[in-house]
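A.B. asks: Here it is, the structure in full.
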Amino acid sequence: MEKKLEVSFMLDFYNKLLTEKQADTLDFYYNQDLSLSEIAEHLAISRQGVRDSIKRGERLLYELEEKLGLVKRFNSIHDKLALIEKNITAMEVLNAQHIQSSALLFNIEEIKRILTEIDEKV
């Protein structure tokens, strides 16, 4: 995963565990795509202060992910949900072409409903 996307994703999970300054600086840099100079001006600190805050924040995000693994767990769940959805689609096709079971179709729709609920909560 590209570093920019990786840090942005970790920031979504762990931003409340950073200092407000680190969270703001990382958000400006990775999510809002501001330059160090623009962030420095916005926060009324030096470019070096911005850079230091970004580096400390990045280091903390990577440490948190290593210890807690929330992003890894989220990605794993998301991948498994996608695989389940792929298999459901295959079941729908088989049912439509060969079996034509209304009970199977009902069960497929129920599984899809549950997956949607899970996906919204994850």
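A.B. asks: Here is a check on your reading of the model: is residue 105 surrounded by 15 or more Cβ atoms within 10 Å (Cβ to Cβ), modelled with pLDDT of 95 or more and assigned to a helix (DSSP H, G or I)?
C.D. replies: no
A.B. asks: Among the residues of segment 108-122, which ones are modelled with pLDDT of 90 or more and either more than 30 Å from residue 13 (Cα to Cα) or charged (D, E, K, R) (or both)?
C.D. replies: Answer for segment 108-122, where residues must be modelled with pLDDT of 90 or more and either more than 30 Å from residue 13 (Cα to Cα) or charged (D, E, K, R) (or both): 108, 109, 110, 112, 113, 117.
A.B. asks: Out of all the residues in segment 85-102, is one or more in a helix (DSSP H, G or I), basic (Lys, Arg), surrounded by 12 or more Cβ atoms within 10 Å (Cβ to Cβ) and modelled with pLDDT of 95 or more?
C.D. replies: Step one: of segment 85-102, the residues in a helix (DSSP H, G or I) are 85-99, 102.
Restricting the remaining residues to those that are basic (Lys, Arg) gives 86.
With the extra rule that they be surrounded by 12 or more Cβ atoms within 10 Å (Cβ to Cβ), the set shrinks to none.
Checked segment 85-102: no residue is in a helix (DSSP H, G or I), basic (Lys, Arg), surrounded by 12 or more Cβ atoms within 10 Å (Cβ to Cβ) and modelled with pLDDT of 95 or more.
A.B. asks: Given the conditions (1) more than 30 Å from residue 118 (Cβ to Cβ); (2) in contact with a Leu (Cβ under 8 Å, 6 or more places away or on another chain), which single one is not true for residue 46?
C.D. replies: Single failed check for residue 46: (2).
A.B. asks: What number of residues within segment 8-27 are surrounded by fewer than 20 Cβ atoms within 10 Å (Cβ to Cβ) and of a type outside the set (Asp, Glu)? Write out each step before concluding.
C.D. replies: We begin by selecting, within segment 8-27, every residue surrounded by fewer than 20 Cβ atoms within 10 Å (Cβ to Cβ); these are 8-9, 12-13, 15-17, 19-21, 23-24, 27.
From what is left, the residues that are of a type outside the set (Asp, Glu) are 8-9, 13, 15-17, 19, 21, 23.
Going through segment 8-27 one residue at a time, the tally reaches 9.
A.B. asks: Something else about it: Name every residue in segment 47-65 that is farther than 17 Å from residue 12 by Cβ and without any contact (Cβ under 8 Å) to a residue 12 or more places away in the chain, in order of residue number.
C.D. replies: 47, 48, 49, 52, 55, 59
A.B. asks: Take segment 53-84 and flag every residue that is surrounded by 15 or more Cβ atoms within 10 Å (Cβ to Cβ) and not hydrophobic (A, V, I, L, M, F, W, C).
C.D. replies: Within segment 53-84, 53, 56, 57, 58, 65 meet the criteria.
The values are calculated or read from the model by the stated rules, or taken from the named source; none is laboratory data. Just so it is clear, the model here is predicted, and its values are computed rather than measured. Counting neighbours? That spans all protein chains shown, and the Cβs are built from the backbone with ideal geometry, glycine included.
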